[in-house]
1. Does residue 366 qualify as being at positive phi, in contact with a strand residue (DSSP E or B) (Cβ under 8 Å, 6 or more places away or on another chain) and within 16 Å of the ligand (Cβ to nearest atom)?
2. Out of everything in the range 238-271 that is surrounded by fewer than 20 Cβ atoms within 10 Å (Cβ to Cβ) and over 30 Å from residue 51 (Cβ atoms), what residue ends up being farthest from the ligand (Cβ to nearest atom)?
3. In contact (Cβ under 8 Å) with a residue 40 or more places away in the chain, more than 16 Å from the ligand (Cβ to nearest atom) and either closer than 19 Å to residue 211 by Cβ or outside the structural domain of residue 342 (by TED's automatic domain parsing) (or both), is that true of residue 153?
4. More than 16 Å from the ligand (Cβ to nearest atom) and either under 19 Å from the mean Cα position of the chain (by Cα) or not hydrophobic (A, V, I, L, M, F, W, C) (or both): is that true of residue 53 in this structure?
5. Any chance the range 326-333 includes a residue that's assigned to a helix (DSSP H, G or I), β-branched (Val, Ile, Thr) and either within 16 Å of the ligand (Cβ to nearest atom) or over 27 Å from residue 189 (Cβ atoms) (or both)?
6. So residue 93 clears everything in (1) on the phi < 0 side of the Ramachandran plot; (2) surrounded by fewer than 22 Cβ atoms within 10 Å (Cβ to Cβ); (3) in the same structural domain as residue 138 (by TED's automatic domain parsing); (4) small (Gly, Ala, Ser) except one condition, right? Which one?
7. Just name the residue that is surrounded by the most Cβ atoms within 10 Å (Cβ to Cβ) out of those in the range 211-237 that are within 16 Å of the ligand (Cβ to nearest atom) and acidic (Asp, Glu).
8. For the range 1-40, give me each residue that is part of a loop (DSSP other than H, G, I, E, B), away from the ligand (no atom under 14 Å from the Cβ) and among the aliphatic types (A, V, I, L, M).
Amino acid sequence: MFAHIPPYAGDPILSLNEDFQKDPRADKINLSIGIYFDDEGRIPVMAAVREAEQRVAQQTGPKPYLPMEGLAAFRTEVQKLLFGADHAALAEGRVATIQSVGSSGGLKVGADFIKQWFPDAAIWVSDPTWDNHKAVFEGAGLTVNTYPYYDAATGGLRFDAMLAALRELPARSVVLLHACCHNPTGVDLTPAQWEALIPVLRERELLAFLDLAYQGFGDGMDQDAFAVRALASAGLAFFVANSFSKSMSVYGERCGALSVVCPSKAEAALVLGQLKFTVRRNYSNPPMHGGQIVATLLGSPELRSAWALELDAMRERIQAMRKQLHAIVSAKVPGRDFGYFLTQRGMFSYTGLTPQQVDRLREEFGVYILRSGRMCVAGLNSHNVERTAQAMAAVLAD
Ligand code: LMR
């Protein structure tokens, strides 16, 4: 019955992370998956999140199904976090938001929605992008193309080439953009570049789909929402999928949202209705526990401030690791520019290592990074940064 089914080749990120768990070497170093680890190599339980969870646990009431669109308090808090509490798009009721199963769930619901209501639209993603983007959008039946993004020669952005490519797209094409902390390169658009992109999106009638999975890890919660707020202020219609997996360190709670910014309140109501139907057909309604934690935390000014400070410290620790790695590798490999470790933002850096060098890192030194050369700098700590730098220097020496 099932013999015709081919074996699953595995996922480039999740399977590598599984391989890491099975590796018996005590000194192995996990820089593969996009997870924030603290200086002791542990996934932190943030104090504000723990307190919010305890408050949730004290509510011993029944556990009904959530509505298809998710918990109302969660959705309201998400909107305030993304757009800022006073944004005109919220006051005008132009934003349709649903709670989703992580931001991956938001991408999937958005992809299904696009396939149904824009059946001729193809999607363009950055070259490169998160491996799962292609899988999610192709899985929904959309054609996935790429636009120029990363400049391997400089470790920066090919912004002119990107704009030129977007100017050629058919109207109502969907353009996936990383709102901050680009995954996998760590190369972001500056505010001025976002401002330059907006007229292109408008003139070409393109539908932006922002992925905001790392809010708070670039420059700060508000700064990292720049693109969301700027597009909404410009009056564009667009999608944004966001996540609390990283910013609240609640990976397994699968807490995210999908928001669609619409031209009017009436259209937002239509969109929300069809998003609900899409959810109903996929998984009926989202889980309750994670949404309650997030809503409780964000709804309490005291917990929210405490959380913001904890997140600041996480971001600053990553930046300190970037500086340390840069200093050590630069000293060990003179004549090569590792400035990208300092300029790239968020959890990831694109190292430029070849797949063969990546394999050597893993096999000889127990250092796990993706075969694309993506390194999760949030997995570095004061105990492993020197060994990582040494291993990098060794594979670069040949
Ligand atoms: C990553 O890019 O490593 C994370 O977003 C985890 C994942 O699901 O791929």
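The values are calculated or read from the model by the stated rules, or taken from the named source; none is laboratory data. These figures come from a predicted structure and were not determined experimentally. Please note: Cβ atoms are built from the backbone with ideal geometry, for glycine as well, and neighbour counts cover all protein chains shown.
1. Details: at positive phi: yes; in contact with a strand residue (DSSP E or B) (Cβ under 8 Å, 6 or more places away or on another chain): yes; within 16 Å of the ligand (Cβ to nearest atom): no.
Considered against the rule, which asks whether it is at positive phi, in contact with a strand residue (DSSP E or B) (Cβ under 8 Å, 6 or more places away or on another chain) and within 16 Å of the ligand (Cβ to nearest atom), residue 366 comes out as no.
2. So the first thing to find is which residues in the range 238-271 are surrounded by fewer than 20 Cβ atoms within 10 Å (Cβ to Cβ), and the list is 251-252, 263-267, 269-270.
Within this subset, residues satisfying the condition of being over 30 Å from residue 51 (Cβ atoms) are 263-267, 269-270.
Details: 263: 31, 264: 34, 265: 33, 266: 35, 267: 31, 269: 32, 270: 31 Å.
Here the residue is 266.
3. On the way: in contact (Cβ under 8 Å) with a residue 40 or more places away in the chain: no; more than 16 Å from the ligand (Cβ to nearest atom): yes; either closer than 19 Å to residue 211 by Cβ or outside the structural domain of residue 342 (by TED's automatic domain parsing) (or both): yes.
No: the conditions fail for residue 153.
4. Details: more than 16 Å from the ligand (Cβ to nearest atom): yes; either under 19 Å from the mean Cα position of the chain (by Cα) or not hydrophobic (A, V, I, L, M, F, W, C) (or both): yes.
In short, yes.
5. Restricting attention to the range 326-333, the residues satisfying the condition of being assigned to a helix (DSSP H, G or I) are 326-332.
Adding the requirement that they be β-branched (Val, Ile, Thr) leaves 328-329.
With the extra rule that they be either within 16 Å of the ligand (Cβ to nearest atom) or over 27 Å from residue 189 (Cβ atoms) (or both), the set shrinks to 328.
Yes, there is a match, as at least one residue in the range 326-333 is assigned to a helix (DSSP H, G or I), β-branched (Val, Ile, Thr) and either within 16 Å of the ligand (Cβ to nearest atom) or over 27 Å from residue 189 (Cβ atoms) (or both).
6. That leaves (1) as the condition not met.
7. At the first step, the residues of the range 211-237 found to be within 16 Å of the ligand (Cβ to nearest atom) are 211-218, 224.
Adding the requirement that they be acidic (Asp, Glu) leaves 211, 224.
Numbers: 211: 28, 224: 23.
By that ranking, first place goes to 211.
8. Looking only at the range 1-40, we keep the residues that are part of a loop (DSSP other than H, G, I, E, B), and these are 1-13, 23-28, 31-40.
Pick out the ones that are also away from the ligand (no atom under 14 Å from the Cβ) and you get 1-9, 23-28, 38-40.
Correct list: 1, 3, 5, 9, 26.
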